[in-house]
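The values are calculated or read from the model by the stated rules, or taken from the named source; none is laboratory data. As the structure is a computational prediction, the values presented were derived from the model and not from experiment. Positions of Cβ are generated from backbone atoms using ideal geometry, with glycine treated the same way; all protein chains shown enter the neighbour counts.
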């Protein structure tokens, strides 16, 4: 995709907030995986040091079902205490670290919500007419303009919103923007459970409360049978990955639906941003979340795309996501719902490639030529052509269109520069 267009899309208000959000939670996911992986050998090493020291300088005794360690001298007691505390800290970190990252994950979602609402209220300031925030005359005269006063009210409105529970926040959004957000949202119970678990870690050290249970049940969460009041919850890497996926899905869907509702004239920008986002997921091999978002784009948003080109692009990308995920049957089912006889050659090409018919794509490549919508970079790097690129038919067609140079060209990638956080 053209870099100028790329930058234009990423610079838009809601798109910018979503891009920052995804970058932040992806960095958290990467860091927690690294941290947890490093803690395993650290814990093993500390435990080995502990066992070796006890074996060399101590004696294990048992009384009343409890084990204790007796050291040979005061010096050994001191050194053993240092080793024991180090082991305890590393052991505790295996629980504390992922909990802390989960809290940070939900905090990034809260930041996204605040950013989205700020943009929406700037686009639709009339929503503020029903705001409960009233300005005194003394406050009003301190502002240089009506716009400054409006921005103040927006900030206060957002502050009040973020103090509400996450379920109440959705109620506020639905009421303010006259839209249903939780209907046909299968991930809603998972989202509620993640945010309620975050509250337990912040306020109750992970100990299940009656409020956690009541809030979860009220929103359709199916709790594990062993989850009772007083149970201590934790976070492992599997749970964190699920939480990351749920928040990414819900954050993107929320942004897309509200963006199209409040600013329907920006449907093309919304489509373009969603295409960029899902394309990145496919390139990164994140097929599970890619299929979820492309299902949403191809079904929920089917009649709200800016043009037929976007609808067909989301459809073919959805089929591609399932194929890459190993579900060829679903890919075929998606393709079967479209009449391909009357579509543009570029989409006929995509359908042929997805159906593993390689002779026809080679012919269509030549027909489309170098000036078509399928550019040289698409042929070389898009996962759509990953299997087709292995065929000699592809190499021959590519050479005919772009010259005799090999299609296995090398890319020159600039080393990323350090950037300051926004």
**Prompt:** Name the pairs whose Cβ atoms lie under 6 Å apart, with the first residue in the range 113-129 and on the phi < 0 side of the Ramachandran plot, the second outside any helix (DSSP H, G or I), and 6 or more positions between them or separate chains?
**Reply:** 123/263
**Prompt:** Does residue 262 fit the bill of being in contact (Cβ under 8 Å) with a residue 40 or more places away in the chain, surrounded by fewer than 17 Cβ atoms within 10 Å (Cβ to Cβ) and either farther than 18 Å from residue 26 by Cα or not assigned by TED's automatic domain parsing to the domain that holds residue 107 (or both)?
**Reply:** no
**Asked** Would you say residue 257 is closer than 23 Å to residue 193 by Cα and in the same structural domain as residue 176 (by TED's automatic domain parsing)?
**Response** no
**Request:** Pick out the one residue from 350, 306 that is surrounded by 16 or more Cβ atoms within 10 Å (Cβ to Cβ), over 23 Å from the mean Cα position of the chain (by Cα) and closer than 24 Å to residue 177 by Cβ.
**Result:** 306
**Message:** Looking at 184, 178 in this structure, which one is at pLDDT below 90 and part of a loop (DSSP other than H, G, I, E, B)?
**Reply:** 184
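Let's see how each residue does on (1) free of Cβ contacts under 8 Å to residues at least 40 places away in the same chain; (2) assigned by TED's automatic domain parsing to the domain that holds residue 37; (3) over 20 Å from the mean Cα position of the chain (by Cα):
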| position | (1), (2), (3) |
| --- | --- |
| 156 | yes, yes, yes |
| 171 | yes, yes, yes |
| 182 | yes, yes, no |
| 198 | no, yes, no |
| 204 | yes, yes, yes |
| 217 | yes, yes, yes |
| 220 | yes, yes, yes |
| 229 | yes, yes, yes |
| 232 | yes, yes, yes |
**Prompt:** Which one of these is more than 49 Å from the chain's Cα centre (by Cα) and outside any strand (DSSP E or B): 56, 48?
**Reply:** 56
**Request:** Give just the number: which of (1) under 28 Å from residue 181 (Cβ atoms); (2) touching a residue at least 40 places away in the same chain (Cβ under 8 Å) does residue 324 not satisfy?
**Result:** (1)
